[in-house]
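Laboratory data are not the source of any read-out in this text; all were calculated from the coordinates shown. Predicted, not measured: the structure shown is a model, and the values here were computed from it. FYI the Cβ positions are ideal-geometry reconstructions off the backbone, even for glycines, and counts take in every protein chain you see.
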Amino acid sequence: MIAFVAGLLALIVHAATAGRYGYFRDELYFIACAHHLAWGYVDQPPLVAIAAWLALPAGDSLLALRALPVIAAALTTVVAIAIARDLGGGHFARILTALTVGFMPAYLALGNLLTTSSFEGLSWTLVAWLAIRLARGEDAHTSPRLWIALAFAVAFGLYGKYSMCLAAACFLAGLLLTRERRVLATPWFPLALALSFVLVLPNFIWQLQHGFPFLEVLNGDAAHRHAFNNGLVLESQNLASNTIAYIGEQILYTNPIAVPIWIVGIIAPFAMPSLRRARFVSIAWLLLIAVAVVLEAKGYYTTGIYAALFAIGSVVVERAASWLRGMALACIAVVALVSMPMSIPVLSLQEFLAYSKALGLTGHDGQPVRLIEPLYAEEFGWDRLARDVARVYSSMAPGTRNLTAVYADTYADAGAIDFFGSRYGLPKAISSQNTYWLWGTRGYDGQTLIAIGATRIDILKQYYERCELVATSTEPLKWIVEGPSPIYFCAGAKEPFEQIWQHLRWYGA
């Protein structure tokens, strides 16, 4: 009953707020991918494109686009409660699990957008739950079904995001490093491995055929990190700086007041015999953190494991004194509710700006009140960009306009043109970032371009006689993440466009 109520509440909260603002930058790209369904893409597996494709009949409905992430967020809470139950947790442990997982900032945010990370919470928690059930080994008759379910859970995670490879490897290493390695001494283990591989083979073949471009994306992502426009640095190419930011994000993304719960969840399996068979989850967390630090990962890359840790920690807290249990529950609930607007848009835009100012996050020292939540900021300005590009496009002579391609240097800008541009008479965009580059030039000869963005303008200036700034698209609400978008007109290609196209390609985020 607790799991049902908690899941339903999470579903309602996410569904009620899913259409509050606008399209997130990556969602516009995923919609474009939905019109080019494939077994793989340069920078992601196909699940996000399938989710966007399923929403196409609903038109511009944000709720339809985000329906699967909303469901995934609700199910993550349900599965986490199942972990607490299987580890002996009673009503309090399940309620505390529901509160810490259901209102965890990272899960609130990722469950309210369609991103490749939207399914990590669910897939990682499913894998942890099934592995815990196998490690407990109480019913040998259900083991084959658990192994098969585990194979499907891993495959599901891999179709959402390749980070499941790291998660599965760390869970496996955790089992090998404990006595629970005994559960691997069964023919069902290699069979489950084989089944997982067969299930994801189409995507593997796609990556193989295209030279594993995702590896280049990872390198490009690491090479293009920068601070927010307010000076805050969360991602750095410096190992020490990135480690500090990464650890800070683990605290921030899991709710600072709730951090002791998941820390208890790491420690307790080594001290309490009743939780001993969950030790591999704690070891998996340690390995994940170590690998993430070495690879200079972004903070949200490992948030998928915290639901399981919260469930384990909640079982331990349930055994504490009643006053301590009550205080923990109350404090976590209050902080979760007060901080919720930073993770999920429960407030209107004006209400959120007032909320941010009241917290002292913006508008102090005579500065203007700004939208300081990066995920929210990335949901504004896309229709404005299409309108601004359309003004340039429509001002051209018809003979030139019909031969002019609209080129965007990022997939987000290209996705915005593709989605909003038809309202203003724009053709589909071309772009040289990630999978857009594979889709090519749409038959344009490239003699004239309207070029959006500044990241490739130096290359364009090498290959065109003339590249001049003709307009700038400015969206104040996007201040925290990016500045104005320059719009150039390029004419007089010095080489065939297909050759220029090879030099424009870039893979990364």
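How far, in nm, would the chain grow between VAL291 and LEU208 when pulled straight, counting 0.36 nm per residue and subtracting the alpha carbon separation? Intermediate results must be reported in sequence, preceding the final value.
Working: separation 83, 0.36 × 83 = 29.88 nm, distance 2.47 nm.
In short, 27.4 nm is gained.
I'm a student and want to see the number: the projected area of the Cα convex hull of the chain, averaged over all directions, in nm².
Values: hull surface 99.9 nm².
Averaging across all directions leaves 25.0 nm² for the Cα convex hull.
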In the chain the cysteines whose Cβ sits 4.7 Å or more from every other Cys Cβ are CYS33, CYS165, CYS170, CYS331
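Report the net charge of residues surrounding PHE119, where surrounding means a beta-carbon distance below 13 angstrom and charges are Lys +1, Arg +1, Asp -1, Glu -1.
Details: positive: ARG66, LYS161; negative: GLU120.
So the environment of PHE119 carries a net charge of +1.
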If one compares the long axis through the Cα atoms of helix 239-253 with the longest principal axis of the Cα atoms of the chain, the angle in degrees, nearest 10, works out at 70 degrees
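Can you tell me the order of 412-421, 461-470 when each peptide is scored by its average per-residue count of other Cβ atoms within 10 angstrom, highest first?
Values: 412-421: 25.3, 461-470: 14.9.
Descending packing order for the listed peptides: 412-421, 461-470.
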If you take every DSSP beta bridge whose two residues both sit in the chain, what share of them, in percent to the nearest 5, is antiparallel?
65 percent
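Once you keep just the Cα pairs under 8 angstrom separated by 6 or more residues, what percentage relative contact order results for the chain?
Numbers: 849 pairs, mean separation 92.2, N = 509.
Once divided by the residue count of the chain, the mean separation gives 18 percent.
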Relative to the longest principal Cα axis of the chain, at what angle does helix 349-358 sit, 0 to 90 degrees, rounded to 10?
60 degrees
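Which order do the peptides 359-365, 176-182 come out in when sorted by mean C-beta neighbours inside 10 angstrom, highest first? The partial results should precede the final answer.
Working: 359-365: 12.3, 176-182: 14.9.
In decreasing order of mean packing, 359-365, 176-182 become 176-182, 359-365.
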Over all pairs of different Cα atoms in the range 103-170, the reciprocal of the mean inverse distance gives a Kirkwood radius in Å of 12.7 Å
If I take R0 = 45 Å and measure r between the Cβ atoms of THR400 and LEU359 in this structure, what FRET efficiency does the formula 1/(1 + (r/R0)^6) give, to the nearest 0.05?
0.30
Amide H to amide H, which residues 5 or more places from VAL470 or on other chains are under 5 Å from it, using H placed in the peptide plane?
ILE487, TYR488, PHE489
Could you please state, rounded to a whole Å, how far the C-alpha centre of the range 315-355 is from the C-alpha centre of the range 135-182?
32 Å
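If you take the Cα Rg of the range 402-484 and divide it by 2.2 N^0.38 Å, with N the number of residues, what do you get? Show your work: numbers first, answer last.
Details: Rg = 12.9 Å, N = 83, 2.2 N^0.38 = 11.8 Å.
For the range 402-484, the normalised Cα radius of gyration is 1.09.
As a test of the formula, what do you get for the chain when each DSSP H run with n ≥ 4 contributes -39,500 (n - 2.57) and the sum is divided by the residue count, at 222 nm and rounded to the nearest 500 deg cm²/dmol?
Details: 25 runs with 289 residues, N = 509.
The per-residue figure over the chain is -17500 deg cm²/dmol.
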The answer for ALA493, listing residues at least 5 apart or on another chain whose modeled amide H is closer than 5 Å to its amide H, is GLU465
Can you give the angle from 0 to 90° between the axis of helix 2-17 and the longest principal axis of the chain, with both taken from C-alpha atoms, to the nearest 10?
20 degrees
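How would you order 71-81, 288-298 from highest to lowest mean count of nearby Cβ atoms within 10 Å? Write down the numbers at each step before the final one.
On the way: 71-81: 25.5, 288-298: 16.9.
Result, highest mean first: 71-81, 288-298.
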Quick numbers on the range 1-144, Rg and Dmax over C-alpha atoms in Å, give 16.8, 50
Any chance you could check the Cα centroid distance between the range 386-403 and the range 441-470 for me, in angstrom?
15 Å
Backbone N under 17 Å from the ASP86 label point (7 Å along Cα→Cβ), restricted to the range 115-137
121-137
